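Visitor: Would you mind keeping the following structure in view while I ask a few things?
The values are calculated or read from the model by the stated rules, or taken from the named source; none is laboratory data. Keep in mind that this is a model prediction, so the values were computed, not measured. No Cβ is skipped: glycine too gets one built from the backbone with ideal geometry, and neighbour counts run over all protein chains shown.
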Amino acid sequence: MEEILKGKKILITSGPVWVPIDRVRIITSVFGGTLGTVIAEKAKDMGADVLFLMGPGRVKIEESENLKVVKFKYFDELFSLMKKEISSKKYDVVIHSAAVPDYVPEKVFKGKIKSGKKDLTIKLKPTVKIVDYIKKWDPSVFLVKFKLQVGVKEKELIKIAKKSMTNSNADLIVANDLLEMKKDTHIAFIISKEKVEKVDTKNSLTEKLLTLIAK
């Protein structure tokens, strides 16, 4: 494989991210981190030096000379890791594909919430948008953001993604619809300020994305 990313340092986030409810319960997502893992391994094969921040997903990845894996579980861990690494200004590219929760409980209960309650109300508040800090930590980094929707038409998905890209000052954004993410297919749109490119598998998404980044 042509090493079109040789000499480039890339930080990739992937997998689910936990926020605690109490000491034993969490809020998380259904995602396992497969796509981020595919991107990390392909970027390594294309010559990049990769730091892979991996949430508690269902996939495995092997470290190598050009691929360092740092595992995390919770939102606060991911925020701290990203702030430290990106503020160092040693990365050329950040690919932020982790499934970060949009909400966190207002109160994290100490110990374990007792069972047997007739009802239980947990109030949530928005989490800070980590992706919106990336360009503040390093204005020169090339930022790839991901945007997920469920059951929207292509035009609406692309419109939402373009607005999201602008809000975070991202250079590229990958727009996905959960209903189009299946075992053998993964329809997505890679959007830049100049054009929109449609792909239909994880492998084609990964190759197209990394090729655009290299350019």
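Visitor: Can you find a residue that is in contact with a Phe, Trp or Tyr (Cβ under 7 Å, 6 or more places away or on another chain), of a type in the set (A, V, I, L, M, F, W, C) and either in contact (Cβ under 8 Å) with a residue 12 or more places away in the chain or crowded, with 18+ Cβ neighbours inside 10 Å (or both) anywhere in region 184-193?
Guide: no
Visitor: Which residue pairs have Cβ atoms closer than 9 Å, lie 6 or more positions apart in sequence or on different chains, and pair a first residue in region 79-106 that is in a loop (DSSP other than H, G, I, E, B) with a second residue that is of a type in the set (Asp, Glu)?
Guide: Between residues of region 79-106 that are in a loop (DSSP other than H, G, I, E, B) and residues that are of a type in the set (Asp, Glu), the close pairs are Ser88/Asp138; Lys89/Asp138; Lys90/Asp138; Tyr91/Glu85; Tyr91/Asp138.
Visitor: Let me ask something additional. When only residues in region 37-63 that are among the small types (Gly, Ala, Ser) and at pLDDT 95 or above count, which is farthest from Lys107 (Cα to Cα)?
Guide: So, considering only residues that are among the small types (Gly, Ala, Ser) and at pLDDT 95 or above, the one farthest from Lys107 (Cα to Cα) is Gly47.
Visitor: Output yes when any residue across region 36-51 is of a type in the set (Gly, Ala, Ser) and farther than 23 Å from Lys215 by Cβ, and no when none is.
Guide: No, region 36-51 contains no residue that is of a type in the set (Gly, Ala, Ser) and farther than 23 Å from Lys215 by Cβ.
Visitor: Only one of Gly15, Gly32 is in contact with a helix residue (DSSP H, G or I) (Cβ under 8 Å, 6 or more places away or on another chain), of a type in the set (Gly, Ala, Ser), in contact (Cβ under 8 Å) with a residue 24 or more places away in the chain and within 22 Å of Ala188 (Cα to Cα). Can you tell me which?
Guide: The unique qualifying residue is Gly15.
Visitor: What are the pairs with Cβ atoms under 8 angstrom where one residue, in region 115-141, is polar (S, T, N, Q) and the other, located anywhere, is surrounded by 16 or more Cβ atoms within 10 Å (Cβ to Cβ)? Sequence gap at least six, or different chains.
Guide: Between residues of region 115-141 that are polar (S, T, N, Q) and residues that are surrounded by 16 or more Cβ atoms within 10 Å (Cβ to Cβ), the close pairs are Thr127/Val19; Thr127/Phe75; Thr127/Val100; Thr127/Pro101; Thr127/Val104.
Visitor: Moving on to the next point. Restricting to region 111-138, name every residue that is loosely packed, with under 10 Cβ neighbours inside 10 Å, within 18 Å of the chain's Cα centre (by Cα) and β-branched (Val, Ile, Thr).
Guide: Once the filter is applied, which keeps residues that are loosely packed, with under 10 Cβ neighbours inside 10 Å, within 18 Å of the chain's Cα centre (by Cα) and β-branched (Val, Ile, Thr), region 111-138 yields nothing.
Visitor: Among the strands (runs of 3 or more DSSP E) contained in region 123-215, which hold 1 or more residues that are of a type in the set (S, T, N, Q)?
Guide: Fully inside region 123-215 and qualifying: 142-149, 172-181.
Visitor: Follow-up. Report the residue count in region 89-100 for those that are surrounded by fewer than 19 Cβ atoms within 10 Å (Cβ to Cβ), at negative phi and touching a Phe, Trp or Tyr at 6+ places or on another chain (Cβ under 9 Å).
Guide: Residues flagged as surrounded by fewer than 19 Cβ atoms within 10 Å (Cβ to Cβ), at negative phi and touching a Phe, Trp or Tyr at 6+ places or on another chain (Cβ under 9 Å) within region 89-100 amount to 1.
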